[in-house]
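Taking it in order: structure first as structure tokens, then the write-up.
The values are calculated or read from the model by the stated rules, or taken from the named source; none is laboratory data. Quick caveat: nothing in here was measured; it's all calculated off a predicted structure. Every residue, glycine as well, gets a Cβ built from its backbone with ideal geometry; the counts of neighbours run over all protein chains shown. Ligands, DNA and RNA are excluded from the accessible area calculation, which covers all protein heavy atoms including side chains. Shrake-Rupley method; radii C 1.70, N 1.55, O 1.52, S 1.80 Å.
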Amino acid sequence: MSLRDHRILWIIILVCFICTLRTDRTNRDLLFLQNQIFGRALKPPQEQTLFEQAATGMVASADDPYAAYIPESNKQAFNEMIESVLLGIGVELAIDPTTQQPIITSPMYGSPAQRSGILAGDRIVRIENQQTTGWTMKEVTKQIQGAAGTSVHLAIARGENSEQIYTIPRESFPVSTVLGDRRESDGHWNFRLHENPQIGYIRITSFGQQTAAELESAIYTLIPPEGRGISGLILDLRDNPGGRLDQGIKTCDLFVDEGEIVTLRGRNQEIYDVATAIPQNTIHTDPEFPIVVLINSDTASAAEIVAACLVDHQRATIVGQRSFGKGSVQDVIDLPPGRGILKLTTGSYWRPSGRNIHRFPNAKKSDDWGVSPSPEHVVNMDDETYVKQYIWRLLFDSPRPELVPIPFDSINEDNEKTGKNTESSDTSENTSDAESNTTESSSATGGTNRVRQNLEKLGQPSGNGESSASSVPQSDIRSDAQPESVPSASASATESKNSDSETSTLGVEGKNPKNSSTTPPQTSETASESSEDVRDGHSDSEELCKTVKRVREFPREWWLSANRMELDPQLRHALEILTTPQPQ
């Protein structure tokens, strides 16, 4: 060995020795601190509690708003968020204000309840031979919940018919993140726009394990291999908080046959991965086949990747509002058994055009971040317009909207926690916004977004008068960093009691409006639309609460007969694009 090689070897040994000393010192200091707490504290903590608190503190020191330590007690709910899997019979519930009995607003398509013949509008008269009249939602869900492999017996009343007993198994089943425009009577989605069946309409609520496969199946119902079908497609990514990065990439691959989809960069913005389109994965439609993607300021993460990719490849027109601007990727790291999960930001992603997606702290509107429609396709919404279309959408997500209690028909005046509930196993915390590690209510469709949380929590403002909902979107999770074992899980449910009306699907509960007129009451002036992001997801909670209180007074007949295109100007603009003849 030459003298030069000897010197290099000794330098390497010296560097390793120094690193070892530094590591050993950190370990010694932490061990010393732990021993002091256990050996001298008047009331020493439990070992698991000490570890969880230490892990939480270390994650906080990373100055990463999307990093989180998920303790073992919340691991199941976190895995459920990633995989979009529920455990139970699969029904969305409400309390009928007339009978004070639980009513099924919609069985989930493909769930044990749907396979057993349960229909929207069915009243649950008894559960395990116990009368349900007067039960709270918490009591109903507790009786329906149970372990996988067991069954529950429900006495169902349907219309004027006599009661019938249904024995429904409790199973794990996937929850679809790809929804259509209306539900058919059997609960499955119709992916054609009701106002114009020649236009396809597909909503993606979040990016779960099977999103791309579900989307491909939905598209093939609209565009058969022989080529006949719709004349245009609306892809609705509004309020989509993101999810699995690999599913966002696969979604882009369905529409783009070549070129870059997204670039991942690590420390110092060094490129470490580039996702590119695979031609054989593309759905072979006419390149001129028009697609409109709807986004708003709560479109985030993987949803932004899809929108950016399609517009950068000139494959779609973007309509709506500037997206949230969340362009970082998190790895999920399994800690030793019993210690939980670490979620850590390890990279950022960039558009095919090379532009940045992430909105950094103190970023200005003039800075380059997120995804923006071109000026002629910017369609803002004030709070009242947003709430109207949101309520209409939730009502008509049921196969029988005439039977569903009106969403957000009242505000919980007692500031009790409210939430959108499904029958599910009894987890105490949902980490769909795992960055905040706060208890959040969960959407039955598998994706909980910032706007839904804000609306659901209007009845419980925090001490500073602001909504306590998290203000950051769901993280993008790399598929190669998933926990190896994903247990069957379910959405967490948050319930509250109300004297006249209670709903498990709609989040804000209370008395039904007494006005039976089909004319809505007069409302005050709504917010100006002069700013770039009028409905930006950060509205003052008190003002938004007032808006919901005004809108809740609209009688049921008004909602059932309302013109959806007047309630949803973004959707109307998208339809105009797809149905207006283009100049040759």
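So the values come out like this:
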quantity: Criterion (among the hydrophobic types (A, V, I, L, M, F, W, C) and open to solvent by 60 Å² or more (accessible area, probe 1.4 Å)) met by exactly one of 165, 89, 144; calculated: 165
quantity: Given (1) in contact with a helix residue (DSSP H, G or I) (Cβ under 8 Å, 6 or more places away or on another chain); (2) open to solvent by 50 Å² or more (accessible area, probe 1.4 Å), number of the condition residue 323 does not satisfy; calculated: (2)
quantity: Only listed residue being open to solvent by less than 30 Å² (accessible area, probe 1.4 Å) and of a type in the set (Gly, Ala, Ser), chosen from 213, 218; calculated: 218
quantity: Criterion (touching a residue at least 12 places away in the same chain (Cβ under 8 Å) and open to solvent by 50 Å² or more (accessible area, probe 1.4 Å)) met by exactly one of 258, 304, 288; calculated: 258
quantity: Qualifying residue in the stretch 247-254 (condition: over 26 Å from residue 359 (Cα atoms), among the β-branched types (Val, Ile, Thr) and touching a residue at least 40 places away in the same chain (Cβ under 8 Å)); calculated: no
quantity: Scan of the stretch 88-131 for residues that are more than 14 Å from residue 166 (Cβ to Cβ), over 28 Å from the mean Cα position of the chain (by Cα) and assigned to a loop (DSSP other than H, G, I, E, B), ordered by number; calculated: 97, 98, 99, 100, 101
quantity: Residues within the stretch 307-327 that are farther than 15 Å from residue 355 by Cβ and touching a Gly at 6+ places or on another chain (Cβ under 7 Å), tallied; calculated: 1
quantity: In the stretch 157-166, the residues that are in contact (Cβ under 8 Å) with a residue 24 or more places away in the chain and outside any loop (DSSP other than H, G, I, E, B); calculated: 157, 166
quantity: Qualifying positions in the stretch 35-74 - modelled with pLDDT of 85 or more and of a type in the set (Phe, Trp, Tyr); calculated: 51, 66, 69
quantity: Selection from the stretch 75-86 of residues that are in a strand (DSSP E or B) and either surrounded by 24 or more Cβ atoms within 10 Å (Cβ to Cβ) or out of contact with any strand residue (DSSP E or B) (no Cβ under 7 Å at 6 or more places or on another chain) (or both); calculated: 86
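Every residue, every condition in (1) at pLDDT below 85; (2) in a helix (DSSP H, G or I); (3) of a type in the set (Lys, Arg), yes or no:
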{"position": "308", "(1), (2), (3)": "no, yes, no"}
{"position": "336", "(1), (2), (3)": "no, no, no"}
{"position": "342", "(1), (2), (3)": "no, no, no"}
{"position": "348", "(1), (2), (3)": "no, no, no"}
{"position": "369", "(1), (2), (3)": "no, no, no"}
{"position": "384", "(1), (2), (3)": "no, yes, no"}
{"position": "394", "(1), (2), (3)": "yes, yes, no"}
{"position": "397", "(1), (2), (3)": "no, no, no"}
